[in-house]
1. Keeping every protein chain in place, order D89, D61, D56 by accessible area at 1.4 Å, biggest value first, i.e. largest first.
2. Of the GluC sites (Glu not before Pro) in segment 9-115, which ones lie in a loop per DSSP and count no more than 11 other C-beta atoms within 10 Å?
3. Can you send over the carbon and sulfur percentage of the accessible area for the chain, probe radius 1.4 Å, protein chains only?
4. At 1.4 Å probe radius, can you tell me the per residue accessible area of segment 27-115 in Å²?
5. Just subtract the alpha-carbon distance of S62 and S7 from 0.36 nm times their residue separation and send over the number in nm, one decimal.
6. Would you check the accessible area of S114, probe 1.4 Å, heavy atoms only, in square angstrom rounded to 10?
7. Whole-Hz Karplus ³J(HN,Hα) for segment 85-90, in order, using 6.51 cos²θ - 1.76 cosθ + 1.60 and θ = phi - 60°, x for Gly and Pro?
8. What distance in nm lies between label points placed 7 Å from Cα along the C-beta direction at Q39 and K86?
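The values are calculated or read from the model by the stated rules, or taken from the named source; none is laboratory data. These numbers were taken from a predicted model, which means no experiment stands behind them. We place every Cβ from the backbone using ideal geometry, glycine too, and count neighbours over all the protein chains shown. Note: areas computed on protein heavy atoms with side chains; ligands, DNA, RNA excluded. Shrake-Rupley method; radii C 1.70, N 1.55, O 1.52, S 1.80 Å.
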Amino acid sequence: QVQLVESGGGLVHPGGSLRLSCVASGSFFSIYAMGWYRQAPGKERELVAGTSSSGDTNYADSVKGRFTISRANAKNTVYLQMNGLKPEDTGVYYCNARLPAATYWGQGTQVTVSS
């Protein structure tokens, strides 16, 4: 069982920045594929950014050039740096960990971009 705890969400003006953090339990964090997903009201959950165990990254087209995912294996932590935030980035952001035999989700953290 892997537990994921997100933090760093909040209210920010358009153009602002936030950094989300997700701390994972367990001793094998370095082999987890990690991702950030978001779900806006009335919409399906979508992948925002992901990072493999080897550090390869991928991004949704809507966030390329604005968001950066990174991981600190020594801290069992994955980050999502979000710059140039837009109102359409509003939603609940979820941390995701993928292992060969299971997938785990955090409880989510709210991000609201509004003037």
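1. Result, largest first: D61, D56, D89.
2. Passing sites in segment 9-115 are E44.
3. Carbon and sulfur together cover 50 percent of it.
4. So segment 27-115 comes to 52 Å² accessible per residue, rounded to a whole number.
5. Result: 17.6 nm gained on full extension.
6. Approximately 60 Å² for this residue.
7. Working through the residues one at a time gives 5, 10, x, 6, 7, 4 Hz.
8. So the label points at Q39 and K86 sit 2.3 nm apart.
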